[in-house]
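Asks: I'd like to ask some things about the structure below.
The values are calculated or read from the model by the stated rules, or taken from the named source; none is laboratory data. This structure is a prediction, so every number in the text was calculated from the model and none was measured. Every residue, glycine as well, gets a Cβ built from its backbone with ideal geometry; the counts of neighbours run over all protein chains shown. Calculation scope for accessible area: heavy atoms of the full protein, side chains included, ligands and nucleic acids excluded. Shrake-Rupley method; radii C 1.70, N 1.55, O 1.52, S 1.80 Å.
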Amino acid sequence: MWWRDAVVYQVYLRSFADADGDGVGDLDGLRTRLDYLTALGVDGIWLNPCYPSPGADHGYDVADYTGIDTRYGGLPAFDRLLADAHARGLKVFMDLVPNHCSVEHPWFRAALAGDPAARERFIFRPDRDGDPPNNWLSVFGGPAWTRVGDAWYLHSFDPAQPDFNWRNPEVAAYFEDVLRFWFDRGVDGFRIDVVHMLFKHADLPDWPHHPEYNILAQNQPEVHEVLRRWRKLADARERTLVGEIWVPTVGDLALYLRPDELQQAFYFDLLVCPWDAARFRDSIDRGLEQVVSTGAVITWTLANHDVHRAVSRYGLVSRTGGPDTRPRGTVDVELGVRRARAAAMLVLALPGSVYLYQGEEAGLPEVMDLPDEARQDPTWFRSGRTEHGRDGCRVPLPWTAAGPSFGFSASAETWLPQPEWFGAFAIEEQMSRPESTWSLHRDALRMRPGFEGPLEWLPTGREDVLAFRRGDMVCVTVFGGEPYPVEHGTPVLASAEASAGAVAPGSTAWFRR
Ligand code: NOJ
């Protein structure tokens with residue numbers, strides 16, 4: 001079970017590397033950089049959706065579940081990528097989007113054309129005196145319903161992403177075929193989009209408690225039956241499923257990780273923790289008690305393509321708005337980089353698996369100041385241009401300090417504009433500097449297998465310092481501003497330099513006893 005302690009690298013394909021010079025990342029761009037990933041030392045990659053899609057939500061609106069978008073190179077490029085990744089021992093996860101498809105999907109087109117069987121595969125309801133069938137809101141803002149003729153269809157996200165009716169067995173059978181198709185092609189697993197949303201309350205009643213988490217639109221018990229069937233399919237072929245699941249409590253999350261359901265689910269509880277020792281420890285303990293006690297492992301992650309980059313979250317010195325996953329305000333980048341380095345070393349020492357979002361290994365900050373006219377995230381438009389959305393963590397990567405688009409593409413025009421300061425974070429330049437954030441990640445990935453067995457907290461005598469032991473390795477993180485004198489054995493790696501015998505403020509150090 002390689003995945004139990006694996007480090008998986010998330011590739012937001014459009015922004016990783018562009019081989020054909022159109023300013024949008026593609027599969028050949030990724031393939032030519034696979035050696036980069038093996039140099040970093042990850043075990044596998046998760047690819048954000050690259051199926052044919054009109055791109056209303058950049059691939060999370062799928063028009064064809066068994067194809068690859070020609071803009072990314074089509075199926076031949078995908079097969080080349082898979083073969084080259086496997087030749088290097090890298091696993092490849094795709095992204096399954098089962099809650100909704102694109103308005104361009106043939107089923108939805110047939111539904112709009114009036115085919116009754118096709119309509120049953122989606123959630124159409126009659127008009128309620130001129131109003132939508134209920135008062136649910138879309139995650140991206142505005143109502144969750146769009147009217148066509150005398151009926152409305154449900155879309156938990158953008159109107160271009162109609163929700164499937166998971167109470168229709170045809171939908172379930174379809175997705176089992178999709179899983180088999182990609183498993184047969186050699187895909188090692190799937191990250192599954194918004195698993196908790198597949199089923200809605202059967203009667204679709206109004207949700208009386210706006211704007212809180214709508215428990216009628218998600219986290220319904222029927223989803224677990226689907227996951228049990230998928231797990232059988234995966235187990236028969238030794239494949240892995242990792243869920244994207246946002247539920248109110250860690251106890252709810254643990255239900256999705258029962259031995260016959262998903263092997264993994266991202267632990268967002270820690271991702272949303274502010275830089276605070278007690279909060280980090282509470283979150284880690286909650287996970288260990290409620291997830292690990294069921295026999296599952298925790299899947300740690302500090303960033304992805306939906307949230308602000310870790311540097312900018314941990315470096316936020318005054319907040320002016322935005323949701324907890326994307327807080328806005330003034331960022332002290334130096335402080336943010338320092339803390340993000342420490343946080344990365346902390347999670348890499350914990351028991352379980354870690355997902356690393358592209359660019360985090362270079363300490364890349366969020367691009368907060370994209371020009372408004374460049375923004376593409378539907379969240380920005382659906383919120384009436386009040387919620388800035390997720391474009392700032394999706395800006396194409398800087399590989400080199402100079403050159404057109406900092407080595408991302410032969411073209412200087414990238415699908416989201418890169419800021420001038422991106423060159424200072426150039427990945428290739430960091431690879432040759434031993435003290436860089438990139439080198440720290442590489443070293444940490446190499447040394448991480450030294451941490452073995454369960455976690456045991458060690459007393460530190462300070463509220464702002466966390467220390468734990470796993471086997472003969474010790475991890476110490478100083479959240480506060482004072483160095484921490486320590487005698488925990490031989491130092492093996494540190495996220496910041498300190499005087500001998502101390503761990504520096506805002507840093508993590510590993511020791512061997
Ligand atoms: C979660 C994905 O991570 C996000 O990027 C997407 O917009 C929504 N699900 C809808 O598919």
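Asks: If the viscosity is 1.567 mPa s and the temperature 4 °C, what translational diffusion coefficient in µm²/s does Stokes-Einstein give for region 101-231 when Rh comes from Kirkwood over Cα pairs?
Replies: 82
Asks: Among 296-302, 75-81, how do they line up by average Cβ neighbours within 10 Å per residue, starting with the highest?
Replies: Packing order, densest peptide first, comes out as 296-302, 75-81.
Asks: Could you work out the relative contact order of the chain, using alpha carbon pairs under 8 angstrom and six or more residues apart, expressed as a whole percent? Intermediate results must be reported in sequence, preceding the final value.
Replies: Working: 1076 pairs, mean separation 67.3, N = 513.
Relative contact order comes out at 13 percent.
Asks: What do you get for the angle between helix 277-290 and the principal long axis of the chain? Use alpha-carbon atoms, 0 to 90 degrees, nearest ten.
Replies: Helix 277-290 and the main axis of the chain meet at about 60 degrees.
Asks: For Cα pairs less than 8 Å apart in space and 6+ apart in sequence, what is the mean separation divided by the residue count of region 79-204, i.e. the relative contact order in percent?
Replies: Answer for region 79-204 is 32 percent.
Asks: Follow-up. As a test of the formula, what do you get for the chain when each DSSP H run with n ≥ 4 contributes -39,500 (n - 2.57) and the sum is divided by the residue count, at 222 nm and rounded to the nearest 500 deg cm²/dmol?
Replies: Calculated from helices alone, the mean residue ellipticity at 222 nm is -7500 deg cm²/dmol.
Asks: Can you pull the three principal axis extents for the Cα set of region 1-61, in Å, largest first?
Replies: That works out to 36, 24, 13 Å along the principal axes.
Asks: Right, here's the next one. Let me check I have the definition right: for region 143-190, take the eigenvalues of the Cα gyration tensor, multiply each by 5, take square roots. What are those semi-axes in whole Å, largest first? Show your work: numbers first, answer last.
Replies: On the way: eigenvalues 175, 32, 12 Å².
Working from the Cα gyration tensor, I get semi-axes of 30, 13, 8 Å.
Asks: Pull up the DSSP beta bridges for the chain and report the antiparallel fraction as a percent, rounded to 5.
Replies: 60
Asks: What are the extents of the Cα atoms of region 255-324 along their three principal axes, listed from largest to smallest and rounded to whole Å?
Replies: Taking max minus min along each principal axis of the Cα atoms, region 255-324 gives 43, 27, 16 Å.
Asks: Also: Given points 7 Å out from each Cα along the Cα-Cβ axis, report the Glu482 to Asp282 separation in nanometres with one decimal.
Replies: Result: 2.4 nm between the two label points.
Asks: Still on this structure: Of all the accessible heavy-atom surface of region 451-512, with the other protein chains kept in place and a 1.4 Å probe, what percent is carbon and sulfur? Present the calculation step by step, with values, prior to reporting the outcome.
Replies: Working: 1480 of 2820 Å².
Using a 1.4 Å probe with all protein chains present, region 451-512 comes out at 52 percent carbon and sulfur.
Asks: Follow-up. Taking the radius of gyration and the Kirkwood hydrodynamic radius from Cα positions alone, what is the Rg/Rh ratio for region 451-512, to two decimal places?
Replies: 0.93
Asks: Name the residue farthest towards the positive end of the dipole of the chain from the options Ser318, Phe164, Ala6, assuming +1 on Cβ of Lys and Arg, -1 on Cβ of Asp and Glu, about the Cα centre.
Replies: Ala6
Asks: Calculate how steeply helix 333-349 sits against the longest principal axis of the alpha-carbon atoms of the chain, using the helix alpha-carbon long axis, and give the answer as 0 to 90 degrees to the nearest 10.
Replies: 90
Asks: With charges only on Cβ, +1 for K and R and -1 for D and E, what is the dipole size of region 315-402 about its Cα centre, in debye, rounded to 20?
Replies: For region 315-402, the charge dipole is close to 200 debye.
Asks: Here is a follow-up. So if I restrict to the alpha-carbon atoms in region 201-317, what is the Rg, and what is Dmax, the biggest pairwise distance, in Å?
Replies: When restricted to the Cα atoms of region 201-317, Rg and Dmax are 16.1, 50 Å.
Asks: Continuing with this model, one more query. With every protein chain kept in place and ligands, DNA and RNA left out, what is the accessible area per residue of the chain? Probe 1.4 Å, answer in Å².
Replies: I get 37 Å² per residue for this part.
Asks: Note the angle between two axes, namely the Cα long axis of helix 169-185 and the longest principal axis of the Cα atoms of the chain, as a number of degrees from 0 to 90, rounded to the nearest 10.
Replies: 50
Asks: Still on this structure, I have one more. Using just the alpha carbons, could you tell me how many Å³ per residue the convex hull of region 28-139 encloses?
Replies: Normalising the Cα hull of region 28-139 by residue number yields 131 Å³.
Asks: Remind me, what semi-axes does region 185-257 give for its equivalent ellipsoid, largest first in whole Å, using sqrt of 5 times each Cα gyration tensor eigenvalue?
Replies: The answer is 27, 12, 10 Å, longest axis first.
Asks: Please state the relative contact order of region 1-77 as a whole percent: Cα pairs under 8 Å, 6+ residues apart?
Replies: Over region 1-77, the number comes to 27 percent.
Asks: Which one, Leu346, Gly29, Leu216, is farthest towards the positive end of the dipole of the chain when Lys and Arg carry +1 and Asp and Glu -1 on their Cβ?
Replies: The one lying farthest along the dipole's positive direction is Leu346.
Asks: In debye, nearest 20, what is the charge dipole magnitude of region 451-512 about its Cα centre with +1 on Lys and Arg Cβ and -1 on Asp and Glu Cβ, if you could check?
Replies: 100
Asks: Over the Cα atoms of the chain, what is the Rg over Rh ratio if Rh follows Kirkwood? Working shown, then result.
Replies: Numbers: Rg = 22.7 Å, Rh = 23.7 Å.
Dividing the radius of gyration by the Kirkwood radius yields 0.96.
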